Structures are given as C-alpha cells and as structure tokens.
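What follows is a set of notes on a single structure, which appears directly below.
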Amino acid sequence: MLNQEFDRAAKGFAARSAGRFDNMGVVEFSRVRREDTVLEVGAGTGNFLALFEGHAARLVALDLTEGMLREGARRYPFLNLVLGDGARLPFRSRSLGLVTSAQALHHVFEPVPFVMEMRRVCAGDGHVLIVDQAATESYEEIAFMNELEVIRDPSHAMSRPPSAFHAIVMAAGLEIADERLYEDQSRFSKWMWPGEFPQERIDATRDFVERFGAETGMDFERDGDDWVFTRRRIMLLARRP
Ligand SMILES: C[S@@+](CC[C@H](N)C(=O)[O-])C[C@H]1O[C@@H](n2cnc3c(N)ncnc32)[C@H](O)[C@@H]1O
C-alpha cells in the first residue's frame, strides 16, 4: 500500500511539497558539522535532505519507494540514493554524523525499532533529528485526525502528539537535546492538490472535514469554497545519553 501510494504520487508530491521546510531553520537546529554524512530515512523526493547541500560532506537519501527516489534524483542530482527499509538500515553502527527522518514516522506503525536503527547508525558524538507532523495531546482529536489522514492517504499510519515522540525517542535509547514546535496555516486546496490526489479521494476528504473537521484539533475554518487549517510539526533533536 505504502509503495503503491508513493509510486503513484511521486511527481505530484514533489511539486506540492517543495519548499515546505524552508522556513523552519532546520540546518541550524540540526547542529550539522561540515564533515558529517547526513542520512535521511524516508527521504522521498529529497525536499528535506537537499536543505543540507553545502553544509555537510555527503547526503544520503534512503527510501522504500523507487518512484520517490527517482524523482529525487531528477531534482537533486547531488544526492546519494539508497533503496531500503528504515527498519534495517544498510550502514555500519555509529558511522554517520547526522541521521534524520522528516515526515516519514507517521507512515510507520512501529516507530521504536525504526528510531533504534537511526540510533544504531548514528556516531557517538552525532545527532538524530526527527521532523514530523504533530497532533494535539487530546486522545479524541488524535483519533479524528487519524481517521481524516487515512481517508486522504491510505498509507498513513499514525499522527502522534509531542508526548508520544518524547516516549518513542526515549524508548529507542536516546535523550532529547532540543525541541521545537512549528505551526503554520495551510489550505485544503493545496493539501489535497488535484495534481497529486484522485478526485474521489478529494471528495471523501472534503466530506469528512465538513462533518468532523472541528473535532480534529486542526482548527479547520471555511474560506469560501476552501478550508484553512493549522499544520503542526515537531522537530526533535536527540543524542546518545
Ligand atoms: C511523506 S513522504 C516524506 C518524504 C520526504 N522526507 C519529505 O518530507 O519530503 C514519506 C516517505 O517515507 C517513505 N517511507 C515510509 N516508510 C518507510 C520505511 N520503513 N523505510 C524507508 N522509507 C519509508 C515513503 O516511501 C515516502 O517516500
């Protein structure tokens, strides 16, 4: 399901999501060093990893989905590509200076083994950086948000509140070095861009927003034919204790 969804959507995804990390101060937050190799697990079309161009020695994009990596290679020829699963990283233990994952953990049902692998390959003096969408801390809002996200994208596993990210990182044997919550406004028409999503899915998602949008914690508000809503992201920087 996950591979099919991203293979189908790669070109549209890359166009829609271009630039979405540009104002988050990711590079400075990551404490990357010039000599570091930066790995992104679930790098997709490379939007996130490309931010590190000129700030690190080598950029390695690992992803499960060939179509996403192919699109990433076309956009950012300087990336080194690896087809693989984040749960079994093909790298030596403690070999990489910065190990990142952006907007991928919400596609993963079992996040602890995934983050443990990130920790395993991270150098003793390196960092693990996780960026992902964040839900509110309300159990009910999380349930509604996840229902909405699965209608929108069947490869969605789980949106999580900040407290769940803290627990995952600690269960994976890391400690939190820094944390930032980032909020911005988005629009339904951009989030469900017809260049990426089939019309019947756009209609089903719109219908859910109309009925239950107020329950998701995403602050949906009508704007003519469109909706505006709040998008929350968490950035967590972690290291070995
Ligand atoms: C929403 S996209 C994010 C892509 C990119 N990080 C970005 O933010 O633009 C999620 C990506 O995670 C990849 N992915 C999900 N689970 C994975 C896993 N277990 N191992 C490797 N990649 C995975 C998907 O193939 C997809 O390309």
> In terms of modelled amide H atoms, which long-range or inter-chain residues lie less than 5 Å from the amide H of Asp132?
Replying inline: Gln103, Ile234
>> Based on C-alpha coordinates, I'd like the Rg and Dmax of the stretch 138-218, in Å.
In response: 15.1, 43
> Give me the log10 of I(q) over I(0) for the stretch 64-127 at q = 0.19, 0.21, 0.26, 0.29 Å⁻¹, as the Debye formula computes it from C-alpha points; what are the numbers?
Replying inline: -0.83, -0.98, -1.22, -1.27
> What 222 nm value per residue comes from the helices of the chain, counting each DSSP H run with n ≥ 4 as -39,500 (n - 2.57) and dividing by all residues, nearest 500 deg cm²/dmol?
Replying inline: -10500 deg cm²/dmol
> By how many nm would the segment from Asp125 to Lys11 grow when fully extended, if each residue of separation counts as 0.36 nm and the alpha-carbon distance is taken off?
Replying inline: 37.4 nm
> Going 7 Å from the Cα of Arg211 in the Cα-to-Cβ direction, what parts of the stretch 135-153 have a backbone nitrogen less than 18 Å from that spot?
Replying inline: 141-153
> Taking H as built 1.01 Å from N, whose amide H comes closer than 5 Å to the amide H of Ala177, not counting residues under 5 places away?
Replying inline: Leu237, Ala238, Arg239
>> I'd like to know which of Trp191, Gly84, Met218 lies farthest towards the positive end of the charge dipole of the chain, counting +1 on Cβ of Lys and Arg and -1 on Cβ of Asp and Glu.
In response: Gly84
>> Roughly how far apart, in whole Å, are the Cα centres of the stretch 212-236 and the stretch 77-120?
In response: 29 Å
>> With only alpha-carbon atoms in the gyration tensor, what are the semi-axes of the equivalent ellipsoid for the stretch 40-96, in Å, largest first?
In response: 17, 15, 8
> Residues in the stretch 226-241 near a label at Ser138, defined as backbone nitrogen under 17 Å from the 7 Å Cα→Cβ point?
Replying inline: 229-232
> Which longest run of the chain has no exposed loop site in it, a site being chymotrypsin sites (Phe, Trp or Tyr not before Pro) in a DSSP loop with at most 13 other beta carbons within 10 Å, and the site itself not part of the run?
Replying inline: 110-241
>> Can you tell me the orientation of helix 199-212 relative to the chain, as the angle in degrees between its alpha-carbon axis and the longest Cα principal axis, to the nearest 10?
In response: 80 degrees
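Only the coordinates and a few stated rules stand behind these numbers; no lab work does. In this text, all values refer to a predicted model and were calculated from it rather than measured experimentally. Cβ coordinates were reconstructed from backbone atoms using ideal geometry, including for glycine residues, and neighbour counts include every protein chain displayed.
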